[in-house]
Ligand SMILES: Nc1nc2c(c(=O)[nH]1)N[C@H]1C(S)=C(S)[C@@H](COP(=O)(O)OP(=O)(O)OC[C@H]3O[C@@H](n4cnc5c(=O)[nH]c(N)nc54)[C@H](O)[C@@H]3O)O[C@H]1N2
Ligand SMILES: Nc1nc2c(c(=O)[nH]1)N[C@H]1C(S)=C(S)[C@@H](COP(=O)(O)OP(=O)(O)OC[C@H]3O[C@@H](n4cnc5c(=O)[nH]c(N)nc54)[C@H](O)[C@@H]3O)O[C@H]1N2
Ligand code: SF4
Ligand code: SF4
Ligand code: SF4
Ligand code: SF4
Ligand code: SF4
Ligand SMILES: [Mo]
């Protein structure tokens, strides 16, 4: 435990405004982005390695993830009608602007890839699109970490090193899980491995992050966010473990896939909540800044 | 671009009359914040927000006075300070706005174009001072415009105009910085060692605030962050870490397929 | 001042920036204290002790500005041998009649004055009306209130002792009187430490004299007491002793209240006054014009021209009908028969003797003391007219007042016919405001009033026209019939021209042209003037009040910004800024001086002196009016030209201030057997029960006040969201110690009880209110702003603080004691309905 910090504040009021992103939209969007991004990469690899069924699943998952994610993003806006204003500008200093472009590309490409796959029309175009998502996919899975980190929210900003890995791991696990669940077990092998690796990365990144953050890591441990993060850890670790031993067991695969999905969702909900908590208590704003000044 | 204009808010002469707060609401036709007795000294509006672009903080600093000690005439302070958007040199809100709704004006101020803002709320979390806020009913983000409309009409901002004691001073930022230095020196000479400027230094985390303050205590006492940093300062590093993570994703998937090919054969 | 006069307070901030030291004396630490160099927490109602001790400090250490005191004050005057001080009579001055509770001021006179009778008095000497009648009618009709622009009449050339050693000279009387006002007493009664007192005493004396001046600023924290007028008197004595009157940076500044409340005493809404501080004729004292003039005011000084002022006023009102033969229609004026003040009128309503009531721009159901009595009165009227911007509680009490909740009133029993007439606000009409500095400032109309809203000028003018249409040839209607009532009408609503009214107030000469100074007014009916002190505001047919030349383009006095009465003088009695020879007391403080070469007074301001009267002028035998004042008499409205340290006549409660406890006080008066002001005005009636003094049932001091965020009874601030959100609820301020003692939680509720009623308020626990050690025990004070009411179109509502307050008044000006009463406080919300009445019964009867 970090010892109780001595600090002054204005009637204990927060210095910062809480993030406006609401549950379930925000965290679900983060989850879907991760799912879509890694699914795309899986689709590419599956294509190369001839895992046809898996490729099909991955293409569809990538497309659905991106489309649903974009839907949530729009729903999250204060004025959804003005969504297109996002694409008025291309602004490198704004991860949301970059993210919009990434998501737009990912959405379009994965959409094309999935529809050619399902309809069988213009397969070459679909293959090209899948190849392209090999680029946009990983970005879609990880840019969201920058999206959160590039704020004044202490628990997010200070975590900008680990968050991308946490999200990457979580995305791997999510996509792996969907791949496992929606592909005949015989073809799902790579998905299981992806899932296991994701679980490992997610767990390690989470632990490292909380350790390094010190006081600002506290919101990830306490209260509602702490509960979610702990749940995420158990689910992810358990899911990962199950995935590694599931083999062709239907039950174990299902359990593992669900656990990993739930874990990934818990991580996203936990991270969002931790961010909120870290803005609600002025301690997380004031104490680190003071300490920074002291050195 | 015209001269950069700014605010110097000298809290040592603020009388907490809230004329600035009311004038701002009148000029900008802002909604009320609800009618809640907060029991925090004379502050019942709490903080800056979508509907309060000037906010006067009240800090009572009194130590319990032993009544029996008749020689004690008490050292009490009642600090009052009118807070506002800092119009940062490096404005995180502006940096992160994905629509370009936030822009820098010819006066060097940071203003939201209400017709372009799509309410994404990114600026809300980006502002290191907790200034900007989304209004729930219309879904847009709002904050002080430094009375862009008035300035364009050659008028000083409504809050500064209304301030009876010149606690809020409006003018070219360079001049204000000079004036502020003099004022601090004067207060120090008068024995007010605790007087300090906040946000005036171009070397600080936001490259200097366009609205800076003379405070009589630590910033956090007034609800201000002690060492705010524009969040985008770390953006390149963030992208690097995210890039590494992206590569890892690609790598991990590749490894997975590579390894499981063997598995598939088995 | 920062709280209630924030715009004016900028000049205090400015003075501070130039090195001025600011002390703030207030029971609570307020926004003013926050900017002051030193805050002195004081027990509400004890300021005379503090000020008296400062006087004692000055006198005992001979720190007075002796040259000034000798030349310009009545310090050397010898007082009648009949005079007995409070020191002799244990808290009473001579002349007190316990039967009527009033003073006969004859024994307070200067020596020799009482020997004269009106028939056989020397020219230039006069006996004031109140002396003749033993003060009977004077006090009973707020006579003291009529001296708003000068003092009462006194012997102009009394016997003096310039060595100040005669035991009966004013200086020696003061020394004896204030000798017991010591720093120890200040500590005992005010709760101000000796060290803090010493700092204050040192600061004001070091900052007074030739080179420097000190100013005192007060408002209703000093006036709303049963000894309110004497608070100001105490400050006057101090300022005169220190030579701070009539000089730049000196004076005693009364910060006035409502916009143009100064205007409404100059051209009064007060029952006892006619425009320009001419007293309202009294039915039993003033049979005719000559009789009135003989009794009201002295013949020396500028009041010596009061015939010119009054005749010009009568001519303005009755025009050609006013002639020499008919006393210029003096008999058309209404007459007083006694006290027609606000609270007595309310009693008349309750008793059924007052049938109808106009309430314009006031909300007595919330703003006046004893809210319940107010509402009982309103409920017993035949008709009530309320003119306001919003539907204030005074107009709605019959359907939603607190007495309905307790069952004390039922709507169906209230027969009052209420007319609510919407009024135009200040931005919807033109006219002048007269501010605290006596500065008239003309305002244009910004926009038309909405709907049926009309200006008050419109209302009274057209009401007058309607009434006049119904007049008969009967003699009783003559005063109204002959009234000049013919202003040019403007615009769609036929608004009477406000500038025409201002011009009428300014007055015209025989040629019909606007007069330029009150010195032009004639007693023969050839001039007309609606208010002599305002004469000159329309000089040269120009609205001088509309002048707006920026300060930076003119001298520091800025004479061309608006127009100040009288004669555009910015500092009254400024002759005192020069020494008796007419030279500035110091270069630093040069303001007005005698230019011997040009043979006239000159300086930065308009000299408040006859411009050509040299400093060495000595009045000839038998001179009248200003001619009877010497070249060294700066206080030209006084009948002896002197600043009065001792007031031989005019006040209802004594020639000197003495500390009396508030009517309701938790402590005894250690100075005298007399606990409270013996002449205070009380209403011993069931509607106005009092808390007994030193009652353990009501152990706390309650003081009421304003917040910057609201205005008075709230009719103008509670309906405005931007103000209401800033202070949304009635709250009481209590110290952490009291909160702990009683069990009050910050943000929780408190119930406050007096003999009048029980109210509830939210709790603000704050170190800004602190317990004081008074006479060895801890006294807690509770602060309560008074802006809330149950309705009034308010976005925020709350209990009425004034319902707690007693009906007890200062005897001079009839202001209620709302700054210092006693109460009890309990945690939690108040009971409702009958339960509340039951609780009250317990408190009333112990
Ligand atoms: N914002 C605002 N401004 C106003 C008004 C308003 O309602 N709101 N009202 C206007 C009007 S009508 C008026 S009359 C003026 C009044 O102006 P002020 O007189 O300044 O108003 P108050 O707040 O009633 O009282 C002033 C102070 O007197 C203190 N006090 C109480 N008892 C005592 C005492 O015994 N001794 C001393 N020394 N101090 C005491 C109170 O704690 C309070 O802080 O303000 C005018 N200006
Ligand atoms: N407990 C306590 N009681 C007090 C005091 C205190 O300090 N403590 N202070 C006292 C003092 S100093 C004062 S002045 C009184 C004030 O008490 P009130 O005069 O009773 O209260 P206000 O709210 O000022 O009422 C003025 C009304 O005039 C209306 N109005 C404004 N402009 C116009 C206009 O042009 N025409 C018309 N017809 N109406 C208009 C407003 O809407 C408002 O309702 O309160 C007194 N009562
Ligand atoms: S203070 Fe916040 S809202 Fe204002 S310019 Fe800086 S970052 Fe933007
Ligand atoms: S809420 Fe509006 S102003 Fe703020 S970042 Fe989004 S689009 Fe820009
Ligand atoms: S500059 Fe204008 S918008 Fe900003 S706080 Fe002042 S009045 Fe409000
Ligand atoms: S207007 Fe000026 S003095 Fe009043 S609260 Fe605002 S900053 Fe302070
Ligand atoms: S409300 Fe009007 S009179 Fe009162 S301080 Fe403000 S400007 Fe002055
Ligand atoms: Mo007032």
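The values are calculated or read from the model by the stated rules, or taken from the named source; none is laboratory data. Fair warning: this is a prediction, and the values are worked out from it, not measured in the lab. Every residue, glycine as well, gets a Cβ built from its backbone with ideal geometry; the counts of neighbours run over all protein chains shown.
Brief remarks follow.
- Matching option when the condition is over 15 Å from residue B:242 (Cβ atoms), surrounded by 24 or more Cβ atoms within 10 Å (Cβ to Cβ) and at pLDDT 95 or above, among A:152, A:171, A:145: A:152
- Any hit, the range A:21-39, residues being more than 30 Å from residue A:193 (Cα to Cα), within 10 Å of chain B (Cβ to nearest Cβ), in contact with a strand residue (DSSP E or B) (Cβ under 7 Å, 6 or more places away or on another chain) and part of a loop (DSSP other than H, G, I, E, B): no
- The range C:239-265, residues that are away from ligand 8 (no atom under 16 Å from the Cβ) and part of a loop (DSSP other than H, G, I, E, B): C:242, C:243, C:244, C:245, C:246, C:247, C:248, C:249, C:250, C:251
- One residue stands out among those in the range B:1-34 that are within 16 Å of ligand 3 (Cβ to nearest atom) and either free of Cβ contacts under 8 Å to residues at least 12 places away in the same chain or part of a strand (DSSP E or B) (or both): the one that is farthest from residue B:222 (Cα to Cα), which is B:5.
- Residue C:654 vs. criteria away from ligand 7 (no atom under 16 Å from the Cβ) and surrounded by fewer than 24 Cβ atoms within 10 Å (Cβ to Cβ): no
- A search for C-beta distances below 6 Å between a residue of the range C:217-230 that is more than 14 Å from every other protein chain (Cβ to nearest Cβ) and any residue that is within 16 Å of ligand 7 (Cβ to nearest atom) and part of a strand (DSSP E or B), counting only pairs 6+ apart in sequence or on different chains, returns C:217/C:253.
- Of all residues in the range C:1-32, those being within 16 Å of ligand 6 (Cβ to nearest atom) and in contact (Cβ under 8 Å) with a residue 12 or more places away in the chain number 15.
- Search result, residues across the range B:96-112 that are facing another protein chain (nearest Cβ under 10 Å) and either surrounded by fewer than 24 Cβ atoms within 10 Å (Cβ to Cβ) or more than 13 Å from ligand 3 (Cβ to nearest atom) (or both): B:98, B:99, B:100
- Unmet criterion (only one of (1) surrounded by 24 or more Cβ atoms within 10 Å (Cβ to Cβ); (2) touching a residue at least 40 places away in the same chain (Cβ under 8 Å); (3) part of a helix (DSSP H, G or I)) for residue A:197: (2)
Conditions (1) touching a residue at least 60 places away in the same chain (Cβ under 8 Å); (2) within 27 Å of the chain's Cα centre (by Cα); (3) in a strand (DSSP E or B); (4) surrounded by 19 or more Cβ atoms within 10 Å (Cβ to Cβ), marked per residue:
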site	(1), (2), (3), (4)
C:377	no, yes, no, yes
C:387	yes, yes, yes, yes
C:394	no, yes, no, yes
C:404	no, no, no, no
C:421	no, no, yes, no
C:436	yes, yes, no, no
C:440	yes, yes, yes, yes
C:451	no, no, no, no
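- Any chance residue C:812 is more than 16 Å from ligand 7 (Cβ to nearest atom) and either farther than 29 Å from residue C:227 by Cβ or in a strand (DSSP E or B) (or both): no
- Residue list for the range C:39-84, restricted to those being within 14 Å of another protein chain (Cβ to nearest Cβ) and either part of a helix (DSSP H, G or I) or touching a residue at least 40 places away in the same chain (Cβ under 8 Å) (or both): C:40, C:41, C:42, C:43, C:50
- Helices (runs of 4 or more DSSP H) contained entirely in the range C:266-375, each with at least 3 residues that are surrounded by 19 or more Cβ atoms within 10 Å (Cβ to Cβ) and within 16 Å of ligand 1 (Cβ to nearest atom): C:364-367
- Tally of residues being at the interface with chain A (Cβ under 7 Å from one of its Cβ atoms) and either under 20 Å from the mean Cα position of the chain (by Cα) or at pLDDT 95 or above (or both) across the range B:133-157: 3
- When the range A:239-276 is filtered for residues that are under 19 Å from the mean Cα position of the chain (by Cα) and closer than 13 Å to residue A:198 by Cα, the ones remaining, listed by number, are A:239, A:240, A:256, A:257, A:259, A:260, A:261, A:263, A:264, A:267.
- Residue B:130 being assigned by TED's automatic domain parsing to the domain that holds residue B:88 and outside any loop (DSSP other than H, G, I, E, B): no
- Residues in the range B:79-95 that are surrounded by fewer than 23 Cβ atoms within 10 Å (Cβ to Cβ) and touching a strand residue (DSSP E or B) at 6+ places or on another chain (Cβ under 9 Å): B:79, B:89.
- Within the range B:158-172, considering residues that are closer than 19 Å to residue B:183 by Cβ and within 10 Å of another protein chain (Cβ to nearest Cβ), the one nearest to ligand 1 (Cβ to nearest atom): B:164
- When the residues of the range C:718-738 are filtered to those that are in a loop (DSSP other than H, G, I, E, B) and within 16 Å of ligand 6 (Cβ to nearest atom), the one that is farthest from the chain's Cα centre (by Cα) is C:725.
- Some residue of the range C:613-623 being assigned to a strand (DSSP E or B) and modelled with pLDDT under 95: no
- Restricting the range B:22-38 to residues that are farther than 14 Å from residue B:150 by Cβ and more than 7 Å from chain C (Cβ to nearest Cβ), the residue that is farthest from ligand 1 (Cβ to nearest atom): B:31
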